[in-house]
Amino acid sequence: MAQDIVIETCGKNIVVGMPGTSYRIFYRKPNTGRQLVAYRLPMEDDPLAGLNSQQFMALAWRLATDRAKQLGWI
C-alpha cells in the first residue's frame, strides 16, 4: 500500500497523498514542540482508495512523521 502513497515536501509543509483518489493531507512544520500539525484532512471515504479515510490518515501520519524526522523538524 505504501507504494501508492506520494510524499512531498513544500517549504514548511509535508503533503501526503494517494494518486487517483481524493486522499491528501497537509502537515505543517511545528513552530514549537515536536509534533506535526495536520490540516486539510480527508472527510469522507474514497471507494477508489482500497482503505478508508481513517486508515489513510494513520498511514499518512506515520509517513509524514518519518519524513519530518529525516528533515530534522522533529
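Computed from backbone phi with θ = phi - 60° and the Karplus coefficients 6.51, -1.76 and 1.60, the 3J(HN,Hα) list for region 59-74 is 5, 4, 4, 4, 5, 5, 5, 4, 5, 4, 5, 4, 7, x, 6, 9 Hz; x is used for glycine and proline. The gain in end-to-end length when the Gln35 to Lys12 segment is fully stretched comes to 7.0 nm, 0.36 nm per residue minus the alpha carbon separation.
Mind sorting out which of [x] 8.1; [y] 4.6; [z] 6.3 is the real mean projected area of the Cα convex hull in nm² computed from the coordinates? Calculated mean projected area of the Cα convex hull in nm²: the matching label is [y].
Laboratory data are not the source of any read-out in this text; all were calculated from the coordinates shown. Please read all numbers here as calculations on a predicted model, not as lab measurements.
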